[in-house]
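Rule-based calculations on the coordinates, nothing more; no lab input. Just so you know, these numbers come straight off a predicted model, no measurement behind them. Virtual Cβ from ideal backbone geometry, glycine too; neighbours counted across all protein chains shown.
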Amino acid sequence: MYSVRVEAGFSSAHNLRGYKGKCEELHGHNWRVEVVAQSRTLDKAGMLIDFKCLKSELHKVLDVLDHKYLNDIVFFKKINPTSENIAKYIYDSLKGKIRRIKSVTVWENDTSAATYEE
């Protein structure tokens, strides 16, 4: 099995509804995102996917989130913008464009991350 991964980041603010604690208040993060694509086979050039293509598609998704108040984005109007749900949002946004996507991991700081995969 082959895997490739790319990382990128974005900055945004959010607050968690229905949560009792500091995170129910408005606060921000410098998020780090890791996307993994996986396949048993490679293309004619010997690649699973071109890193340039994977990074480009990821940046398109992150541009929607960068320097935004996440609670105002339609997807997060009723769903809390937790790290878990942000990972799913990014995964779902990439799924139709990157057919070999395996997982998305969202780091909200250096020691805490959430991963979504199907």
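Key figures
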read-out: Virtual spin-label span in nm between Lys77 and Lys60, 7 Å along Cα→Cβ; value: 2.4
read-out: Nearest-0.05 FRET efficiency for Ser11 and Lys52, computed from C-beta distance (R0 30 Å); value: 0.80
read-out: Under 13 Å, Cβ to Cβ, from Ser93 - net charge with Lys/Arg +1 and Asp/Glu -1; value: +1
read-out: At most 16 other Cβ within 10 Å, DSSP loop - chymotrypsin sites (Phe, Trp or Tyr not before Pro), segment 1-66; value: Tyr19
read-out: Segment 55-118: trypsin sites (Lys or Arg not before Pro) in DSSP coil with no more than 16 other Cβ atoms inside 10 Å; value: Lys77, Lys78, Lys97, Arg99, Arg100
read-out: P(r), alpha carbons of the chain - 5 Å bins starting at zero, rounded %; value: 2, 11, 22, 24, 17, 10, 6, 4, 2, 1, 0
read-out: In segment 1-55, GluC sites (Glu not before Pro) in a DSSP loop with at most 10 other beta-carbon atoms within 10 Å; value: Glu25
